[in-house]
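One structure below.
Since every read-out is calculated from the coordinates, none of them should be taken as a lab result. Note that the structure is predicted; figures quoted are calculated from it, not measured. Quick reminder, even Gly has a Cβ in these numbers, built from the backbone with ideal geometry, and neighbours come from all protein chains shown.
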Amino acid sequence: MKTKDRIIAGSIELFNLQGERNVTTNHIAAHIGISPGNLYYHYRNKDDIIRSIYKLYEKNLDQMFQPQEQSSVGMDEMLYYLDRVFYSMWQFRFFYANLPDILARDDELHQRYLIAQQRLYQRMITILEQMRSLKMISLDDAMVGDLAHTLKLVVTFWISYQHTQTQQMITKETVSQGVIKVIGIFKGYLTELGHRQITELERNYLEKAKKQLNEEISD
């Protein structure tokens, strides 16, 4: 792995474990076994590193914006999409744990973030409209936008909310709880057909999450 890539990988690891505010460039250099001068050759400062990490996060999101196979529609696609978005947020959880402070320091990063959030919002609207056309949810046009906005808020601030509640390390289980919380929001808008589908999907998702948690514990 190239030194530049090792710096990014090591930074993500330290930021996630210790919190971005507690990690300096010297910590990063020591963590991957290079001199501070070598690190500064590749990145000017910590904010420069964070900006590069965010570009990597954007790339992950771009891959998730790709549609599933055509057989996956409506609620199944929404659950798949939420799971992937939450998982990506877990991989870069330091960013969402300290979101206001990081964005306040970097106008360029703030603008990139706003664009990504708008794309998330539009994607959710598309899926909600698809679910409505399949008669899985009952919403008027105004409520589609309102629900998409609410979902975006829950997704975006789930990790920071969990930090304020427990002050404990964010785990994959925490992420799974976020997906289930979003599913709960849907339930007030579901048709009878939608309720039947979401009950099965929720059960399958919980079984999958439990299996993954057991595998992590055994490892």
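Placing unit charges on the Cβ atoms only, positive for Lys and Arg and negative for Asp and Glu, gives the chain a dipole magnitude near 380 debye about its Cα centre. Around the amide H of I137, modelled in the peptide plane, lie the amide H atoms of R132, T191, all under 5 Å away and 5 or more residues distant in sequence or on another chain. Each residue of segment 176-181 was assigned a 3J(HN,Hα) from its phi angle through the Karplus expression (A = 6.51, B = -1.76, C = 1.60, θ = phi - 60°), giving 4, 4, x, 4, 5, 4 Hz with x at Gly and Pro. Taking the Cα centre of segment 44-156 as the origin and placing charges on Cβ (Lys, Arg +1; Asp, Glu -1), which of M136, L99, L153 is farthest toward the positive end of the dipole? With unit charges placed on the Cβ atoms, the residue in question is L99.
Give me L151, L61 ranked fewest to most by other Cβ atoms within 10 Å of their Cβ, as a rough exposure proxy.
On the way: L151 21, L61 17.
Fewest to most other Cβ atoms nearby, the residues stand as L61, L151.
FRET efficiency for the R105 to K210 pair, using the beta carbon distance and R₀ = 45 Å, is estimated at 0.70. For the chain, lysine pairs with C-alpha atoms less than 21 angstrom apart, excluding pairs fewer than eight positions apart on the same chain, total 23.
The overall shape of segment 53-218 is oblate: from the C-alpha gyration tensor, with semi-axes ordered a ≥ b ≥ c, the ratio a/c is 1.5 or greater and a/b is no larger than b/c.
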